[in-house]
Amino acid sequence: MNLLGTKWSVHGDGRTIAPGQVVTPDERLSWPRTIGIGLQHVVAMFGATFLVPLITGMPPATTLFFSGIGTLLFLVMTRGRVPSYLGSSFAFIAPIMASQQQFGVGGALGGVVVAGVTLAVLGLLVQKFGASWINRLMPAPVTGTIVALIGLNLAPSAKANFEKAPITALVTLLVIILVSVLFRGILGRLAILVGVIVGYLVAVLRDEVDFSKINEAAWLGLPHFQTPTFHFAVLGLFIPVVLVLVAENIGHVKSVALMTGEDLDPYAGRAIIADGVATTLAGLGGGSGTTTYAENIGVMAATKVYSTAAYWVAGIAALLLSFSPKFGELIATVPVGVLGGAATLLYGMIGVLGVRIWVQNKVDFSNNINLTTAAVALIVGIANFTWAAGSLTFEGIALGTAAALIAFHGMTALAKWRGTAPDPLAPEAEPAPTKG
């Protein structure tokens, strides 16, 4: 049982946590408390996980099913050492929507499968060789740019949904903003979920919600499964997402290690492999790609409970909810105005996360290599440049990612050869002191 990470010791008396202590991944509180905290994790992931299928038109119950399966699989593959919930990744929204226009839902699922397999292979490489090679391939100037352009590429979609029901969208957006600054702790961290609920109520009052499918749906039943189809043309859309997922997984492992004081570096590769396998399964059955969730890190930080037992509760609860078609249809009734309001913030947050990577790594934009890399790639991604090569069409995210990698590494190599520019990864030089 210990190989599965399901053998927990009880922390203290099982009821209280002393000041300065945390409940580590291989510990738990009493089962009633553990179940309660596990259900908090379900609530924390709820708003973000369901926004992806709602925006992309995928079945919410199916996404929830593979989210629960993926979480349990993640816990087993990391041997219960890395507490995490695997929810829907926002990085998949743009490629899923783009591929659906050309190849339908099946083509989008095929892209998710390819991304999952690629992620798992990269995880195997990280497990064997460490993550340093990823940092060389994708240093902060490149990673920040790719993350930013994936979010900002979605701006037109957010605007389109916002304009379809501007009052509902505006209320949703304002509630999310206000809750995030007016409340501390778990409520403040659930600002998106609260905003979606309030926006939904406003939409009901404005007669923007159709309840007919809820009445027709059964209380119990299997989620709606779909099979993928594979098209070479979608690779350029989905491969860039893999780079984001690698960064998210490594960042999650490092964050948990920092908060628990445990060395989790040996499990970084396992975490990436597990997310890759979970994403592959989701694509094979009709769900969206998964990633480790920052929302649930917030719950752990607030409760000081990092027990993987709570995540077993969360994964099982998600699975049980996915077997209610009525519940799935209720989620599917969230109107477009609510999605537009939430997406306006969420897509911008993805873009700003890229900027955060630059800031945290002190990227020097006085260096022309870093500046050009970001400048060219962002415009290509945001404006959604397209390039047709025979039957293949590459769009903004794929072209922007290629532009970032080629510009950075190409310019760096030429600059070293010619000696014309400093190392783009060197810390920003301190300004020379002025004479008084």
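Considering every residue within the stretch 327-350, establish whether at least one is of a type outside the set (D, E, K, R) and closer than 30 Å to residue 423 by Cα.
Filtering the stretch 327-350 down to residues of a type outside the set (D, E, K, R) leaves 327-328, 330-350.
Cutting the leftovers down to closer than 30 Å to residue 423 by Cα gives us 349-350.
Yes, the stretch 327-350 contains a residue that is of a type outside the set (D, E, K, R) and closer than 30 Å to residue 423 by Cα.
Suppose we filter 275, 263 for residues that are free of Cβ contacts under 8 Å to residues at least 12 places away in the same chain and of a type in the set (D, E, K, R); which single one remains? Walk me through how you get there before you give the answer.
On the way: 275 fails: free of Cβ contacts under 8 Å to residues at least 12 places away in the same chain.
Sole residue among the options that is free of Cβ contacts under 8 Å to residues at least 12 places away in the same chain and of a type in the set (D, E, K, R): 263.
A quick yes/no check of all residues on (1) assigned to a helix (DSSP H, G or I); (2) over 21 Å from residue 396 (Cα atoms); (3) not hydrophobic (A, V, I, L, M, F, W, C):
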| site | (1), (2), (3) |
| --- | --- |
| 112 | yes, no, no |
| 125 | yes, yes, no |
| 142 | yes, no, no |
| 172 | yes, yes, yes |
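Return the only residue of 12, 20 being over 18 Å from the mean Cα position of the chain (by Cα), at pLDDT below 85 and in a loop (DSSP other than H, G, I, E, B). Quick ask: steps written out before the conclusion?
Numbers: 12 fails: at pLDDT below 85.
Unique residue meeting the criteria: 20.
Do we find a residue being under 23 Å from the mean Cα position of the chain (by Cα), exposed (fewer than 14 other Cβ atoms within 10 Å of the Cβ) and either among the acidic types (Asp, Glu) or at pLDDT below 90 (or both) anywhere in the stretch 166-182?
Looking through the stretch 166-182, at least one residue is under 23 Å from the mean Cα position of the chain (by Cα), exposed (fewer than 14 other Cβ atoms within 10 Å of the Cβ) and either among the acidic types (Asp, Glu) or at pLDDT below 90 (or both).
Does the stretch 368-378 contain any residue that is touching a residue at least 40 places away in the same chain (Cβ under 8 Å), open to solvent by 60 Å² or more (accessible area, probe 1.4 Å) and polar (S, T, N, Q)?
In the first step, residues of the stretch 368-378 are kept if they are touching a residue at least 40 places away in the same chain (Cβ under 8 Å); the result is 368-370, 373-374, 377-378.
Filter again for open to solvent by 60 Å² or more (accessible area, probe 1.4 Å), leaving 368.
Still in the running and polar (S, T, N, Q): 368.
Yes, there is a match, as at least one residue in the stretch 368-378 is touching a residue at least 40 places away in the same chain (Cβ under 8 Å), open to solvent by 60 Å² or more (accessible area, probe 1.4 Å) and polar (S, T, N, Q).
Residues 191, 217: which one is surrounded by 13 or more Cβ atoms within 10 Å (Cβ to Cβ), in contact with a Leu (Cβ under 9 Å, 6 or more places away or on another chain) and within 28 Å of residue 285 (Cα to Cα)?
Values: 191 fails: within 28 Å of residue 285 (Cα to Cα).
217 is the lone residue from the list that is surrounded by 13 or more Cβ atoms within 10 Å (Cβ to Cβ), in contact with a Leu (Cβ under 9 Å, 6 or more places away or on another chain) and within 28 Å of residue 285 (Cα to Cα).
Looking at 87, 20, 5, 38, which one is open to solvent by 50 Å² or more (accessible area, probe 1.4 Å) and among the small types (Gly, Ala, Ser)?
Testing whether each residue is open to solvent by 50 Å² or more (accessible area, probe 1.4 Å) and among the small types (Gly, Ala, Ser) leaves just 20.
Could you tell me how many of the residues in the stretch 304-326 are within 15 Å of residue 259 (Cα to Cα) and open to solvent by 30 Å² or more (accessible area, probe 1.4 Å)?
Of the stretch 304-326, the ones within 15 Å of residue 259 (Cα to Cα) are 304-308.
Narrowing further to those that are open to solvent by 30 Å² or more (accessible area, probe 1.4 Å): 304.
Qualifying residue count, the stretch 304-326: 1.
Would you tally the residues in the stretch 153-163 being modelled with pLDDT under 90 and farther than 22 Å from residue 353 by Cβ?
The number of residues fulfilling the criteria is 1.
The values are calculated or read from the model by the stated rules, or taken from the named source; none is laboratory data. Remember, it's a predicted structure, so these values are computed and weren't measured experimentally. Every residue, glycine as well, gets a Cβ built from its backbone with ideal geometry; the counts of neighbours run over all protein chains shown. These area figures cover heavy atoms from the full protein model, side chains too; ligands, DNA and RNA do not enter into them. Shrake-Rupley method; radii C 1.70, N 1.55, O 1.52, S 1.80 Å.
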